[in-house]
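The values are calculated or read from the model by the stated rules, or taken from the named source; none is laboratory data. Note that the structure is a prediction, hence the values are computed from the model and not measured. Counting neighbours? That spans all protein chains shown, and the Cβs are built from the backbone with ideal geometry, glycine included. To get the accessible areas, we keep the full protein, side chains included, count just its heavy atoms, and leave off ligands, DNA and RNA. Shrake-Rupley method; radii C 1.70, N 1.55, O 1.52, S 1.80 Å.
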Amino acid sequence: MNKVFPTFIYFITLFIWLAPGQAQDVNLTGVIDMHVHAGPDSLPRAMNDLEAARRARDAGLRAIVLKNHFTMTADRAALALEQVEGLEIFGGIALNRAVGGINPEAVRQSVAFDGGRGKVVWLPTFDAEFYVKRAGTGATYVSVMKNGNPVAELVEVFQIVAENNLILAMGHSAPEEVLVLIPFAKKQGVRQILVTHVFGQDATNLQMQQMADAGAMMELDWLAAYTNPELLKDYVEVIQSIGAEHFIISSDFGQAGNPDHATGMRQFIKALIEAGINQTQIQMMARNNPATLLGLDQPTVLRTD
Ligand SMILES: [Zn+2]
């Protein structure tokens, strides 16, 4: 047998090995997951805050944001940060009924807690008027608007968000409310606005374009596409038409039975790349844009996923 044949086999094998989406793994270095659920919680969770933080750190993530619907996470993030080195950990507060709804004092305390980890204020999520009415449960809800105007307490919340350079996340508000609240919050001095899983709020493509034009960042979450794979092509469509500079990607994982958050981010990035999203767009949505929201340095090196 001549020597060319084994060399040929070697290169063929190498080519198959490196074929896109097969053996090449996703590089999670520098990736930020801004939607991490973990226990303790009143909903069944896959792991606790510490385990979530350790796994994210071990997978190479740069930062996570701990989110809980019913209690603030600024304190939990500070404790987790003491236990897990090599990862930025942030928290915040979701303004559901458990913390008194639109309660400026709860936001003030979230900011004042040791460690300065209270970085995100989510408008009502499970208790949002839009969410409750759409579910048709008849449950008590928290309104962010009355007669077309933001409720008075919200004005005070926006001022605290602005003074402390926090991120205002829109929770489960209606797209119509979001489109009123973005310019209103900006007028109060709020700089960073994130539209929480924008597809979960039934926003149209036109509304998403308007949100982008108004200066908000929009979140695309893996949980929704993981449970409904049809959604991925809708994600790809808006990333391509509106622009990756207006989106972040997050896992929204943590539910009992689901994989860990880093695995979620890895699956998400892989699915997007296979659907035609390029490395520059991934870089923006997974690393640069979340870093901007959180006030972290911009990563300078383009990573290869
Ligand atoms: Zn969530």
Which members of the range 85-110 meet the condition of being within 16 Å of the ligand (Cβ to nearest atom) and in a helix (DSSP H, G or I)?
-> Ala98
Any chance the range 111-132 includes a residue that's among the polar types (S, T, N, Q) and either away from the ligand (no atom under 15 Å from the Cβ) or touching an Asp or Glu at 6+ places or on another chain (Cβ under 9 Å) (or both)?
-> no
Restricted to the range 24-39, and to residues that are more than 23 Å from Asn278 (Cβ to Cβ) and part of a loop (DSSP other than H, G, I, E, B), which residue is farthest from the ligand (Cβ to nearest atom)?
-> Ala38
Among the residues of the range 160-195 satisfying the criterion of being in contact (Cβ under 8 Å) with a residue 60 or more places away in the chain and not β-branched (Val, Ile, Thr), which is farthest from the ligand (Cβ to nearest atom)?
-> Asn165
Restricting attention to the range 233-240, does a residue exist that is within 17 Å of the chain's Cα centre (by Cα) and among the acidic types (Asp, Glu)?
-> no
Which of the residues belonging to the range 114-165 are aliphatic (A, V, I, L, M) and in contact with a His (Cβ under 6 Å, 6 or more places away or on another chain)?
-> Ala128
Say whether the condition of being among the aliphatic types (A, V, I, L, M) and more than 16 Å from the ligand (Cβ to nearest atom) is met by at least one residue in the range 250-257.
-> no
Return a yes/no flag: does the range 242-262 have any residue that is of a type in the set (Ser, Thr, Tyr) and open to solvent by 20 Å² or more (accessible area, probe 1.4 Å).
-> no
Filtered residues of the range 220-241 (kept if hydroxyl-bearing (Ser, Thr, Tyr), loosely packed, with under 15 Cβ neighbours inside 10 Å and away from the ligand (no atom under 16 Å from the Cβ)) | Ser241
Please verify whether the range 104-125 includes one or more residues that are open to solvent by less than 60 Å² (accessible area, probe 1.4 Å), of a type in the set (Lys, Arg) and either touching a strand residue (DSSP E or B) at 6+ places or on another chain (Cβ under 8 Å) or more than 24 Å from His37 (Cα to Cα) (or both).
-> yes
Residue ID - farthest from Gly295 (Cα to Cα), chosen from residues in the range 40-72 that are open to solvent by 10 Å² or more (accessible area, probe 1.4 Å) and in a strand (DSSP E or B) = Arg45
Filter the range 196-212 for residues that are more than 19 Å from Phe184 (Cβ to Cβ) and not in a helix (DSSP H, G or I); which is farthest from the ligand (Cβ to nearest atom)?
-> Thr204
Would you point out which residue out of Glu177, Glu156 is in contact with a helix residue (DSSP H, G or I) (Cβ under 6 Å, 6 or more places away or on another chain) and open to solvent by 20 Å² or more (accessible area, probe 1.4 Å)?
-> Glu156
Mind counting the residues in the range 88-99 that are closer than 10 Å to Ile64 by Cβ and either open to solvent by 10 Å² or more (accessible area, probe 1.4 Å) or in contact with a Phe, Trp or Tyr (Cβ under 7 Å, 6 or more places away or on another chain) (or both)?
-> 2
For the range 73-84, which residues satisfy the criterion of being away from the ligand (no atom under 16 Å from the Cβ) and not in a helix (DSSP H, G or I)?
-> Val84
Hey, among the residues in the range 264-283 that are closer than 22 Å to Asn48 by Cα and away from the ligand (no atom under 16 Å from the Cβ), which one's surrounded by the fewest Cβ atoms within 10 Å (Cβ to Cβ)?
-> Gln267
